[in-house]
Amino acid sequence: MGNKAKIIDLPKILDKRGNLSIIEEFKNIPFKIKRTYWIYDVPGGEARGGHAYKENQEFIVALSGSFDVVLDDGREKKTFHMNRSYYGLYVPKGLWREMNNFSTNSLALILASTPYNADDYIYDYLEFKKMIDNG
Ligand code: TYD
């Protein structure tokens, strides 16, 4: 998978009172956090995403339950199964992504490197391929 998409293990403070994990910008993830959103109450069989970002980078954590993130760099697709809250998936800019296979009561936390900007989205796969092919 091009562009350094990768699973990042987060610090895990194990405690008999309950565990705790941490994300600090530039320490655990390689960008400054400008926005946070979360996806929840996903009905069975639904998919989210189905787009790419021109600039936005993201870090995705399964805070509860499980789901898959499918990344596509225009040449190959890779599926990351997310089912623990002590690791996350770093998604660089310029990758097509989809999220699917959500379990009941799953909760996806997403940290983003830019404020919301509708113009940053590419919703057309052919346009995405063109961007990749033009470097
Ligand atoms: P979208 O990013 O397409 O969701 P997903 O990739 O999970 O399928 O966003 C869905 C809607 O929510 C869309 O109308 C834009 C809006 N939205 C915001 O207003 N701000 C945000 O930060 C995000 C992520 C989405």
Selection within the stretch 66-85 - surrounded by 17 or more Cβ atoms within 10 Å (Cβ to Cβ) and within 16 Å of the ligand (Cβ to nearest atom): PHE67, VAL69, VAL70, LEU71, ASP72, PHE80, MET82
Give me the pairs: first residue in the stretch 60-83 and in contact (Cβ under 8 Å) with a residue 40 or more places away in the chain and within 23 Å of GLY135 (Cβ to Cβ), second residue open to solvent by less than 30 Å² (accessible area, probe 1.4 Å) and among the hydroxyl-bearing types (Ser, Thr, Tyr), beta-carbon distance under 9 Å, and six or more apart or on different chains, which are they? none
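For (1) open to solvent by less than 60 Å² (accessible area, probe 1.4 Å); (2) in contact with a Ser or Thr (Cβ under 7 Å, 6 or more places away or on another chain), each residue gets a yes or a no:
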| site | (1), (2) |
| --- | --- |
| TYR87 | yes, no |
| LEU107 | yes, yes |
| TYR116 | no, no |
| TYR123 | no, no |
| ASP133 | no, no |
If GLY44 satisfies every condition in (1) at pLDDT 95 or above; (2) over 19 Å from LEU95 (Cβ atoms); (3) open to solvent by 50 Å² or more (accessible area, probe 1.4 Å) but one, which is the exception? (1)
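So that you can scan it fast, the table gives a plain yes or no per residue for (1) without any contact (Cβ under 8 Å) to a residue 40 or more places away in the chain; (2) open to solvent by 50 Å² or more (accessible area, probe 1.4 Å); (3) in contact with a Phe, Trp or Tyr (Cβ under 9 Å, 6 or more places away or on another chain):
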site	(1), (2), (3)
LEU10	no, no, yes
GLU24	yes, yes, no
LYS32	no, yes, yes
ILE39	no, no, yes
GLY49	no, no, yes
Those residues that are within 11 Å of TYR87 (Cα to Cα) and either assigned to a strand (DSSP E or B) or of a type in the set (S, T, N, Q) (or both), I need them from the stretch 9-28; list them, please. ASP9, LYS12, SER21, ASN28
Can ASN117 be described as under 14 Å from the mean Cα position of the chain (by Cα) and modelled with pLDDT of 95 or more? no
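The values are calculated or read from the model by the stated rules, or taken from the named source; none is laboratory data. Predicted model only: the values in this text are computed from it and were never measured. Methodologically, a virtual Cβ is constructed for each residue, glycine included, from the backbone with ideal geometry; neighbour enumeration extends over all protein chains shown. Please note that ligands, DNA and RNA were not included when accessible areas were found on the heavy atoms of the full protein model with its side chains. Shrake-Rupley method; radii C 1.70, N 1.55, O 1.52, S 1.80 Å.
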